[in-house]
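Visitor: Here you go, one structure.
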Amino acid sequence: MSVRPAREADVELLFSLIVELAEYERAPEKVVGSPELLRIALFGEVPAAEAVIAERSGVAVGFALFHGTFSTWECRPGLWLEDLYVPEHHRRGGVGGALFRHVAGVAVERGCPRLEWAALDWNTPALDFYERLGAEVLDEWKLHRLSGEALRLASR
């Protein structure tokens, strides 16, 4: 198995895996993006994110998508792991660990003081996986989001 940076030719594959992830997370209707928007985000003039693909014998078996953050307390950039997904029939074969190690390695290589992410509270397999990696659960922090009309109203 290998992990490699995504290429522009991988956009359709990545988008299909994103849709599959949304189905797994019980929210397929929340996918309102498109392969073209993903292409711009990953490979446009100013990329907003990066992705890597795990392959076994030339077949994609998972992906991770991440982007930069910034810590004011550390005064240094970090990484946010937006998605790490391995289709069910490829799980328990080390793919998730390889993807995670790769992204963690990117963070270390770039001198990031932290790698952060969120996981759904009902996703026990993911929560157990992250616990085995030694991840700290930040119970005192609450994730917030403004989107749609609420975001527009807040901007006024």
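Visitor: Would you call Glu149 without any contact (Cβ under 8 Å) to a residue 24 or more places away in the chain, in a loop (DSSP other than H, G, I, E, B) and either of a type in the set (Ser, Thr, Tyr) or over 26 Å from Arg56 (Cβ atoms) (or both)?
Guide: no
Visitor: Please work out if Phe100 is at pLDDT 95 or above, in contact with a helix residue (DSSP H, G or I) (Cβ under 9 Å, 6 or more places away or on another chain) and assigned to a helix (DSSP H, G or I).
Guide: Criteria met by Phe100.
Visitor: Okay, moving on. For the range 134-142, indicate whether the set of residues that are closer than 27 Å to Cys75 by Cα, surrounded by 10 or more Cβ atoms within 10 Å (Cβ to Cβ), under 19 Å from the mean Cα position of the chain (by Cα) and of a type in the set (Val, Ile, Thr) is non-empty.
Guide: Checked the range 134-142: at least one residue is closer than 27 Å to Cys75 by Cα, surrounded by 10 or more Cβ atoms within 10 Å (Cβ to Cβ), under 19 Å from the mean Cα position of the chain (by Cα) and of a type in the set (Val, Ile, Thr).
Visitor: Given the options Glu131, Glu74, Glu88, name the one that is of a type in the set (Asp, Glu) and closer than 26 Å to Leu38 by Cα.
Guide: Glu88
Visitor: A further question follows. For the range 136-143, does any single residue satisfy the condition of being in contact (Cβ under 8 Å) with a residue 12 or more places away in the chain and assigned to a helix (DSSP H, G or I)?
Guide: The answer is no, given that none of the residues of the range 136-143 is in contact (Cβ under 8 Å) with a residue 12 or more places away in the chain and assigned to a helix (DSSP H, G or I).
Visitor: Can you list the strands (runs of 3 or more DSSP E) lying wholly within the range 7-94 that have 2 or more residues being over 23 Å from Ala107 (Cα atoms), acidic (Asp, Glu) and under 12 Å from the mean Cα position of the chain (by Cα)?
Guide: none
Visitor: While we're here: Out of Ala27, Ala51, Ala41, I need the residue that is buried (at least 19 other Cβ atoms within 10 Å of the Cβ) and out of contact with any Cys (no Cβ under 8 Å at 6 or more places or on another chain). Which one?
Guide: Answer to the selection: Ala51.
Yes or no, residue by residue, for (1) surrounded by 14 or more Cβ atoms within 10 Å (Cβ to Cβ); (2) within 16 Å of Ala135 (Cβ to Cβ); (3) touching a residue at least 24 places away in the same chain (Cβ under 8 Å); (4) among the charged types (D, E, K, R):
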position: Trp73; (1), (2), (3), (4): no, no, no, no
position: Gly93; (1), (2), (3), (4): yes, no, yes, no
position: Gly111; (1), (2), (3), (4): no, no, yes, no
position: Asp121; (1), (2), (3), (4): no, yes, no, yes
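Visitor: Hey, can you tell me all the residues within the range 103-125 that are assigned to a loop (DSSP other than H, G, I, E, B) and in contact with a Leu (Cβ under 6 Å, 6 or more places away or on another chain)?
Guide: Within the range 103-125, Cys112, Trp117, Ala118, Ala119 meet the criteria.
The values are calculated or read from the model by the stated rules, or taken from the named source; none is laboratory data. Computed from a prediction, not measured in an experiment: that's the story for all the values here. Glycine gets a Cβ as well: all are built from the backbone with ideal geometry, and neighbour counts include every protein chain shown.
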